[in-house]
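Trainee: Let me begin by handing over the structure; questions about it come next.
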Amino acid sequence: MNETLTLARKELLDLRHDRIVWIVLGTLGVAVVLSVIVASLDYRAQLADYEAYVAQVTASGSGVTPAAPQLFPLTLLRGGMEYVEVLAALFALMIGYGAIAKERSRGTVDLLLTRARSGTSIVMGKLAGLAVLWAAIMAAIVVIALASVAMIGGATIGLHEVARVALAGVAGWVYVLFWSAVAVAVTTLTRNSTGALLTLLVAWLVVVLVIPQIGDTMDPDNQVPGGLFKALAIAKTDEHAVLDHFTAYESARNGLEVSSISKLYERFTFATLGIKDTYNGQSLAFIWDGTFRYVYGALAFTAAALTLAAASGRRIHTLRRS
Amino acid sequence: MTTAAISIRSLTHRYGPTTALDGLTLHIPEGEIFGLLGHNGAGKTTTVSILTTLLKATSGTASVAGHDVREASHQVRRSIGYLPENVSFYDDLTTMENLTFFARLSGLRRPEARIGEVLEFVGFTGHDRERVGTFSKGMRQRVGLAQALIHQPAVLFLDEPTSGLDPEGVKALRELILRVNADWGTTIFMNTHLLSEVTKTCTSIGILRSGRLVHHGTLADTVGAFPTDDALERAYFAAGTTTS
Amino acid sequence: MSTILTAARHELLASVRAKAPYALVAAFLGMVAASTFIGWRTSVTVTSIYDQVLADGLTTQPNPFTDVSPLYYVRNTVIYVLLIGSLMAATLGVQSALRDRKAETAALIGTRPVDGRALRAGRLLGLGLLLAALVGITQIITWISVSALVGGPLSASETLAIAGFGVITWLLLIGFAGIGVLSGRLLRRERTALLAPVVAWAVIAFVIPQLGTAARPVSLLNPVPLPAQDSGAFSWLSQVLSPLAITEHFKTASAALLESSSTGSPLASALIVALFACLALAAAVLIRADRTTGGTHE
C-alpha cells in the first residue's frame, strides 16, 4: 500500500509540471461557463418572445394567457455536462496515456521494476495519482458550474443545487476514472506508443460519439426537424401508446445506447440535474429509482476497466526498451 | 596548390548564453580525411551541423566545395553527403524504398542502378527488399553510408560514425571510409572522440576544446611530436595547454 | 516538380505502410458502410410508426417520408464523415508531419538540395491522394449499398449527387489533414499534436454552432438540422461566427446534394468548405516550423 502511495505521489509531482493539466482544467471550465452563458441567453430570448406574445394576446383582447417558460437553474448546465462527457473522456485518455508512455520513452520502467513489488502495483499507483488529480479537477468543475449558474444564470444556489451538482461531479469522476484505467491498460499492453494513442482515440470516438450518435439518429422522433410526433401533431400520451407497438426496435436502440458508458453517465447526470423533464423537481429517491441501473452499469464498466488495468501491470515489461 | 574543400573563418555559434563554437578558423584541402576530435560538448556536432547547412552560425563564414553555407546552401547540399551519429530511416520502408526516396531528393531521376552500385560498394547486397526496421545498428550504418554516397558527393560528413558499433562493424566501416576516399577522391570530415579511429583513418586532425580549435595539423606531425605508443592520446591532452 | 512528386510518392507509401492509423480508417469505412443500413432501418420504422398513427386515427398529416429520395439513406454518412472522417484526416496529417521526427530522418532530408515548401506541398499531395482514394471507396460502398436497398442501380443524377458529396467530403477531410499537419509541425509531443486538432475539431463542430444557434453540443451530431435560434444575441453571433462553422456548412452543402432537408445556402456553404480547405493547405505549406528535430515522446 505504501508503495502504491509513493507511486501515486510521484505521479502527481510529475503531473504538476505537465501543462496539459492546466489546459484540461481551462478548457473544461471555459466550456461549462460558455454553455451556461448560451443557455441563459437562450432562456432570455425565449422569455422575450413569450412577453411579446403575451402583449400581442392582451392587445387582441383575449383573456387566455399561455404559461410562461420555466427556468430550472441546473438545466443551464446541460451543454457543460455534454462537454464534460465528450472532452473530459478524451483528456482522461491523453493524461492516462502520458502517465505510462513517459516511462517507455524515458526508459525509466527498469528503474521502477527493480524497486516495486510488481507491475500491478506500479500501474495501480499511477492510477491512484490520476484519480486524485481528477478528483481535484472535478471539484473545480463543480465549483465553476455552481458559480456560473449563480452569477450568469442569476439563480439562487441552495443546498439542493450544491448536492445535485456535487453528485454529478462524483459521477463525472467515476466516468473519467474509467477512461484513465482504459488508457493505462491499453498503453501498457501495446508495444508501440503511436498504436496505443490511436487505439485510444478510436475507443473514444466509438464509445463517446459514435454509439450514442447511432442511438440518437435511430430515434424516430429525431427524424424530422422539431420532432416527428410534433410534426404529426400527436400528444405525449399517444406517442407512448404508439411506441409500445415498437418495443423490439426501441429495446435494440436503447440497448445500443446503454452499451456506452458515456450514455450511462449522461442519463444519470441529466436526471440528477433535472435536465431530463421527467426528473425535473423530483426527489433524489425518485431519481435513484429511475437511474440506479445506469449507476450500476457505469460502476461495472469502471470496475472492469480497473481490473484490466491491474492485470495489464503483469505485462509491464512491454514498456522496457529493447 | 590544392584548393580547400572546406574553408571556415571565425565561425561562432551561441545557444542562448552558451557559446558552443568560438571563432573557429580551419581549411581542409580536397582529398583529405579530416578528423575533428573533442570531448563531449566541445562543439563538434555544432560544427558539422553548420557545415551541412542544418544550422545557421551566429557569426563567421564557412564554405564547402567552394559554396558559402549561408548564401548558397542549395549548392552546398548538392555537394555533400551526411551520415549522422545515430542514423535512422523510415522503419516501415525497405532499403530500396528508403534509398530511392533520398536519391530522388538528391536529384537523381532513375536511381535504381546507382543504388545497386552503392549497396555493392558498402557490401550490403541482398537486403534491398527488407524493411529497415529489422536491421541491426551495423546494418543501418551501411545503409546510412549508402544514402550519404548515393549522389557521389564531393565532401562526406561523418558524425561519430563508429559510435555503438561492435569491433567487426568498426573495422568494416573504417575500411569503407578509406575506400570512399581512395576510389572516389571524396573529402571526408569526421567527428569523433575515439583517438584510435583517428590514427587508423585520418590524414589530418583538429582538436576542439570548449568551442575553440586548440590544435590543427597532419596526423604525422601531431603524432611525431610524441614518439610513444600513446602519442595521439598525449597530443590530445597536451593540446590547448601548449601552443599547437 | 520532381521534389513534389517524390515527396507525394513517399507520403503514400509511408502512410500505407504505417499500420497505427488502420483502426481509424477501418472505423471510418465500417461506419460509412453501416450508415446506409441504419438510415434504411430507421426510415422503415418511421414509416411503420406513421402507418400505426394513421390506423389509430391520431393524425391527418401526410407521411413526411413519402417519396423520399434513395439518397435519404446516405444522410448518416454526412455525420460519420464529419465525426470520424475529419478526425481520421487530422490524425493522418499529424502522423505525416511527425514522420521525420519519429524516424529521426530530419537531418538526412535537411542536407538534401530541396525546397522545404515543395517537400511540404508534395507530402500534402500524397495525403490528398490517399484521402481521395478513401473517399472514393466510401462513395462506391454508398452507391452499392443504396442500390441494393432500393433494388436497382441509382440514376445518373443520383450517382452524380453522390460524386458531388464525395468532392465536398474530400475538401473537408483535406482541410482537417492540413490542420493535423500544422499541429504535428508546431507541437513537440505526439500526444499534444494529436490532441490539438481534436480540440480544434470540437470547437468547429460543437462550440461555434452552439454559440450561433444555442444548439446543445451533442445534438449537432444529428443529421437533421436543428431549428436555429434567431433572436437576440444569437442572430448577431450566428452571423459573425457562421464562416467558422465549417462542419455545419458541410452538413448544409451535403444535405442539398443528398436531397435532405437543408437550411441556409448550399452553394455558399460549399464555397466556405472549399475556402477552409484552401486556407488549411496554404498554411500547412507556407508556415515554416523549425521543430524538425527531437523526439515526439512524453
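The values are calculated or read from the model by the stated rules, or taken from the named source; none is laboratory data. Owing to the predicted nature of the structure, the values given are computational and were not obtained by experimental measurement. Positions of Cβ are generated from backbone atoms using ideal geometry, with glycine treated the same way; all protein chains shown enter the neighbour counts. These area figures cover heavy atoms from the full protein model, side chains too; ligands, DNA and RNA do not enter into them. Shrake-Rupley method; radii C 1.70, N 1.55, O 1.52, S 1.80 Å.
Trainee: Can you grab the distance from the C-alpha centre of segment A:249-322 to the C-alpha centre of segment A:79-130, Å, no decimals?
Mentor: Each part reduced to its Cα centre gives a spacing of 21 Å.
Trainee: Would you mind estimating how fast the protein assembly as shown diffuses translationally, via Stokes-Einstein at 20 °C and 1.002 mPa s with the Kirkwood radius over Cα pairs, in µm²/s?
Mentor: In µm²/s, the coefficient is 70.
Trainee: Let me ask you something else. Testing the spin-label approximation: label points 7 Å from Cα along Cα→Cβ at C:Leu279 and A:Tyr53. State their distance in nm.
Mentor: Between C:Leu279 and A:Tyr53, the label points sit 3.8 nm apart.
Trainee: Given a 1.4 Å probe, how much area per residue of segment C:2-292 is accessible, in Å²?
Mentor: In whole numbers, segment C:2-292 has 37 Å² accessible per residue.
Trainee: Enter the mean number of other protein chain beta carbons within 10 Å of the beta carbon of each residue in A:214-222, as an integer. Don't skip to the end; give the middle numbers.
Mentor: Details: counts 9, 0, 5, 11, 7, 4, 8, 2, 6.
Shielding by partners across A:214-222 averages 6.
Trainee: At 10 °C and 1.306 mPa s, grab the translational diffusion coefficient of segment B:127-173 from Stokes-Einstein with a Kirkwood Rh over Cα pairs, rounded to a whole number in µm² per second.
Mentor: 136
Trainee: Please report the antiparallel percentage of DSSP beta bridges with both residues in the protein assembly as shown, rounded to the nearest 5.
Mentor: Percentage antiparallel, nearest 5: 50.
Trainee: Then there is this: For the protein assembly as shown, build the charge dipole from Cβ charges (+1 Lys, Arg; -1 Asp, Glu) around the Cα centre, then report which of C:Ile204, A:Thr114, C:Leu187 sits farthest towards its positive end.
Mentor: Selected residue: A:Thr114.
Trainee: While we're looking at this one, here's another question. Given the Cα-Cα distance of C:Arg188 and C:Val16 and 0.36 nm per residue of separation, how much length would full extension add, in nm?
Mentor: Taking 0.36 nm per residue and subtracting the Cα distance, the gain is 59.5 nm.
Trainee: Let me ask something else about it. Do the sum for chain A: with -39,500 (n - 2.57) for every DSSP H run of n ≥ 4, divided by all residues, what is the mean residue ellipticity at 222 nm, to the nearest 500 deg cm²/dmol?
Mentor: The helix contribution divided over chain A gives -24000 deg cm²/dmol.
Trainee: Okay, next question. Could you look at chain C and say what percent of its accessible area is carbon and sulfur, using a 1.4 Å probe and all protein chains?
Mentor: 67
Trainee: So, one more: State the antiparallel share, in %, of DSSP beta bridges confined to segment B:4-242, rounding to the nearest 5.
Mentor: Approximately 50 percent, going by the DSSP bridge assignments.
Trainee: Got a number for carbon plus sulfur as a percent of segment A:41-190's accessible area, 1.4 Å probe?
Mentor: 66
Trainee: For B:Lys44, which lysines qualify as cross-link partners when the Cα separation must be under 27 Å and same-chain residues fewer than eight apart are set aside?
Mentor: B:Lys56, B:Lys137, B:Lys171, B:Lys200, C:Lys102
Trainee: Also, I was wondering about something else. Where does the charge balance sit around B:Glu71 when Lys and Arg score +1, Asp and Glu -1, over other residues with C-beta under 15 Å from its C-beta?
Mentor: Residues close to B:Glu71 contribute a combined charge of +4.
Trainee: Any idea of the accessible area per residue across segment B:1-63, 1.4 Å probe, to the nearest Å²?
Mentor: So segment B:1-63 comes to 43 Å² accessible per residue, rounded to a whole number.
Trainee: Next question, about the same structure. If DNA, RNA and ligands are ignored and the probe is 1.4 Å, what is the ranking of B:Lys200, A:Lys102 by accessible area, most exposed first?
Mentor: Most to least solvent-accessible, the answer reads B:Lys200, A:Lys102.
Trainee: Can you tell me which aspartates and glutamates have their Cα less than 14 Å from the Cα of A:Lys263? Leave out same-chain residues fewer than eight positions away.
Mentor: Result set, ordered by chain and number: A:Glu82, A:Glu85, A:Asp216.
Trainee: Return the lysines within reach of A:Lys126: Cα separation strictly under 18 angstrom, same-chain partners fewer than 8 residues apart disregarded; answer none if there are no such residues.
Mentor: Within the straight-line limit of under 18 Å, A:Lys126 reaches these lysines: A:Lys10, A:Lys102.
Trainee: If you fit an axis through the alpha-carbon atoms of helix C:232-241 and take the longest principal axis of the Cα set of chain C, what angle between them do you get, 0 to 90°, nearest 10?
Mentor: Its long axis makes an angle of about 40 degrees.
Trainee: Right, another one. Helix C:2-17 sits at what angle to the longest principal axis of chain C, using alpha carbons and giving 0 to 90 degrees rounded to 10?
Mentor: Once rounded, one gets 60 degrees.
Trainee: Over chain A, one equal point on each Cα, no solvent: what is log10 I(q)/I(0) by the Debye formula at q = 0.07, 0.12, 0.13 Å⁻¹?
Mentor: Once normalised to I(0) and log-transformed, intensities are -0.36, -0.90, -1.02.
Trainee: Hey, with R₀ at 25 Å, roughly what FRET efficiency would B:Glu120 and B:Thr58 work out to, going by the Cβ-Cβ distance, to 0.05? Provide the component values of the computation, followed by the final result.
Mentor: Details: r = 43 Å, r/R0 = 1.71.
Efficiency, rounded to the nearest 0.05: 0.05.
Trainee: For peptide B:95-103, what's the mean number of Cβ atoms from other chains within 10 Å of each residue's Cβ?
Mentor: 4
Trainee: Next question, about the same structure. What is the extension gain from A:Ile23 to A:Arg115, computed as 0.36 nm multiplied by their sequence separation minus the C-alpha to C-alpha distance, in nm to one decimal?
Mentor: On the way: separation 92, 0.36 × 92 = 33.12 nm, distance 3.29 nm.
Here the segment from A:Ile23 to A:Arg115 would lengthen by 29.8 nm.
Trainee: Moving to a separate point now. Given labels modelled 7 Å from the Cα in the Cβ direction, how far is it in nm from B:Asn40 to A:Arg16?
Mentor: It is 2.9 nm.
Trainee: Return the ratio Rg/(2.2 N^0.38 Å) for segment B:4-242, where Rg is computed over Cα atoms only.
Mentor: Normalised Rg, Cα atoms only: 1.01.
Trainee: Would you kindly derive the ³J(HN,Hα) couplings of segment C:47-56 from the backbone phi angles with the Karplus curve 6.51 cos²θ - 1.76 cosθ + 1.60 (θ = phi - 60°), listing them in order in whole Hz, with x for Gly and Pro?
Mentor: Each residue of segment C:47-56 in turn: 5, 4, 4, 4, 4, 5, 4, 5, 4, 7 Hz.
Trainee: Now, a different point. Short version: which residues of segment C:16-41 lose at least 50 Å² of accessible area, all chains versus chain alone, 1.4 Å probe?
Mentor: C:Arg17, C:Ala20, C:Leu24
Trainee: Please give the residues of segment C:1-38, grouped as numeric ranges, whose backbone N is less than 11 Å from a label point set 7 Å along the Cα-to-Cβ vector of A:Ala252.
Mentor: What the label zone holds, given the 11 Å backbone N cut-off, is C:38.
Trainee: Taking chain C, how much of its Cα-Cα pair set, in percent, is spaced more than 29 angstrom apart?
Mentor: 41
Trainee: Within segment B:4-242, what whole-number % of the accessible surface is contributed by carbon and sulfur, with the 1.4 Å probe and all protein chains included in the calculation?
Mentor: 48
Trainee: Local charge sum around B:Met190 (other residues, Cβ-Cβ under 9 Å, Lys/Arg +1, Asp/Glu -1)?
Mentor: Local charge sum for B:Met190: -3.
Trainee: Next question. Provide a list, ordered by number, of residues in segment A:196-212 showing at least 40 Å² less accessible area with every protein chain present than when their chain is taken on its own, using a 1.4 Å probe.
Mentor: A:Leu197, A:Leu198, A:Leu201, A:Val202, A:Leu205, A:Leu209, A:Val210
Trainee: Here is a follow-up. Counting only helical runs of four or more DSSP H residues, what would the 222 nm mean residue ellipticity of chain C come to if each run contributes -39,500 (n - 2.57) and the total is spread over all its residues?
Mentor: When only DSSP H runs of four or more count, the value is -23500 deg cm²/dmol.
Trainee: Rounded to the nearest 100 Å², what is the sum over both chains of accessible area buried where B meets C, with a probe of 1.4 Å?
Mentor: 2300
Trainee: Can you pull the mean other chain C-beta count within 10 Å for peptide B:51-63? Please report the intermediate quantities before stating the final value.
Mentor: Working: counts 1, 3, 4, 6, 1, 0, 0, 0, 0, 0, 0, 0, 0.
Whole-number average of other-chain Cβ neighbours for B:51-63 is 1.
Trainee: While we're looking at this one, here's another question. From the protein chains alone at 1.4 Å, what is the descending order of accessible area for B:Glu130, A:Glu82, largest first?
Mentor: From most accessible down to least: B:Glu130, A:Glu82.
Trainee: For an R0 of 25 angstrom, estimate the FRET efficiency from the Cβ-Cβ distance between C:Leu271 and C:Val240 and round to the nearest 0.05.
Mentor: 0.85
Trainee: For chain A, with every protein chain kept in place, what is the accessible area per residue (1.4 Å probe, Å²)?
Mentor: Numbers: 13930 Å² over 322 residues.
Per residue, chain A has an accessible area of 43 Å².
Trainee: Could you compute how much accessible surface A:Asp289 exposes when probed at 1.4 Å, giving the result in Å² to the nearest 10?
Mentor: That residue has around 100 Å² of solvent-accessible surface.
Trainee: In nm, to one decimal, how far is the modelled label at A:Ala300 from the one at C:Ala55, with both set 7 Å along Cα→Cβ?
Mentor: 3.5
Trainee: Nearest 100 Å² is fine: what is the total accessible surface buried where chains C and A meet, probe 1.4 Å?
Mentor: In total, chains C and A hide about 5300 Å² from solvent.
Trainee: Tell me the net charge near A:Glu250. Cut-off is 14 Å between Cβ atoms, A:Glu250 excluded, with +1 for each Lys or Arg and -1 for each Asp or Glu.
Mentor: -4
Trainee: Let me ask something else about it. With angles folded into 0 to 90 degrees, how steeply does helix A:159-189 sit against the dominant principal axis of chain A? Use alpha carbons for both and round to 10.
Mentor: 40
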